[in-house]
């Protein structure tokens with residue numbers, strides 16, 4: 001049994017709305033965390049902020065095993081720098097969105 005195209009379009013529209021709600025919820029969560037960390041008054045360029053968030057995402061997604069080693073090894077300095085940059089960026093992003 002095939003679904004009519006109108007029904008598929010309705011399902012797509014519902015999923016797009018669910019995606020929009022989920023993205024808003026995630027953005028608000030990240031913003032609240034940044035503000036709780038006291039980063040609301042730090043200014044940073046948006047491109048720099050984007051790069052810092054990408055580094056943070058890579059750290060927690062793909063390099064989970066490497067993250068533990070990075071904290072103990074030579075990567076610790078660079079990891080701390082990228083975390084600081086992300087923290088700074090998170091404040092600017094939150095202040096801009098809030």
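Scan 6, 22, 51 and give me the residue that is free of Cβ contacts under 8 Å to residues at least 60 places away in the same chain and surrounded by fewer than 10 Cβ atoms within 10 Å (Cβ to Cβ).
6
Are any of the residues in the stretch 57-76 outside any helix (DSSP H, G or I), modelled with pLDDT of 65 or more and surrounded by 10 or more Cβ atoms within 10 Å (Cβ to Cβ)?
So far as the stretch 57-76 goes, yes, one or more of its residues are outside any helix (DSSP H, G or I), modelled with pLDDT of 65 or more and surrounded by 10 or more Cβ atoms within 10 Å (Cβ to Cβ).
Do we have any residue at all in the stretch 17-36 that's over 17 Å from the mean Cα position of the chain (by Cα), modelled with pLDDT of 90 or more and assigned to a helix (DSSP H, G or I)?
Yes, the stretch 17-36 has at least one match.
The values are calculated or read from the model by the stated rules, or taken from the named source; none is laboratory data. Remember, predicted model here, so these are calculated numbers, not experimental data. Reconstructed Cβ throughout: ideal geometry from the backbone, glycine too, with neighbour counts over all protein chains shown.
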